[in-house]
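One structure below.
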Amino acid sequence: MNTGMSVEARILEGSLWLILAAVFGIAGFFIARRYFKIRSSGCVAEGVIVGQDQRQADFAPCFFPKVEYQTSDNEKVIFTASAGSGKPAPVGRRVKVIYSSSDPDAADIKTTCRIPFMAMVMFLFMIGFFGMALVYYAGLAGPMTIQSQ
């Protein structure tokens, strides 16, 4: 199959897709690493939502709950959750908190998910970008030329 792309162009475009795959894979790795580090060495406490941290995401605001909890050493800690939503969580709502006993500020709301959602999203993008790199390296993408018979 002749796609009309030079070998140099295929290598360049494939490499760009491969770089994107690496960036998303590394980001997903660090998100998952932080989550599993807290989960494996973490303690569980009862927390309460005390406010919101509003950030602009795309075209709409995103609200990240601010949670207060008390460590086993009776130290009060307030942190901002790593996940947010389009609606503010109700202040006063009780949540389970998982935190590192060596670093109480490294805390998050405990979820039932085995792998954090953002890490899964990053890994899915990584797989897609890696697939696109393979497509370009193999010469299966690019401008098609019509062969006359």
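Below is a table of values for the structure above.
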quantity: Every residue from region 38-93 that is surrounded by 15 or more Cβ atoms within 10 Å (Cβ to Cβ), at pLDDT 80 or above and not in a strand (DSSP E or B); calculated: THR71, ALA81, PRO88, ALA89
quantity: Region 124-138, subset of a type in the set (A, V, I, L, M, F, W, C) and open to solvent by less than 70 Å² (accessible area, probe 1.4 Å), residue modelled with the lowest pLDDT; calculated: ALA138
quantity: Near pairs, Cβ below 9 angstrom, 6+ apart or cross-chain, from region 124-137 (on the phi > 0 side of the Ramachandran plot) to any residue that is open to solvent by 40 Å² or more (accessible area, probe 1.4 Å); calculated: none
quantity: The lone exception for ILE98 - which of (1) part of a loop (DSSP other than H, G, I, E, B); (2) β-branched (Val, Ile, Thr); (3) under 19 Å from the mean Cα position of the chain (by Cα) it fails; calculated: (1)
quantity: Pair list, Cβ < 6 Å and 6+ apart or interchain, from region 27-43 residues that are touching a residue at least 12 places away in the same chain (Cβ under 8 Å) to residues that are assigned to a helix (DSSP H, G or I); calculated: ALA27/MET122; GLY28/ALA119; GLY28/MET122; GLY28/PHE123; ILE31/MET118; ILE31/ALA119; ALA32/ALA119
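The values are calculated or read from the model by the stated rules, or taken from the named source; none is laboratory data. Please read all numbers here as calculations on a predicted model, not as lab measurements. Note that each Cβ is placed from the backbone with ideal geometry, even for glycine, and that neighbours are counted across all protein chains shown. Side chains included, ligands, DNA and RNA excluded: accessible areas come from the protein's heavy atoms. Shrake-Rupley method; radii C 1.70, N 1.55, O 1.52, S 1.80 Å.
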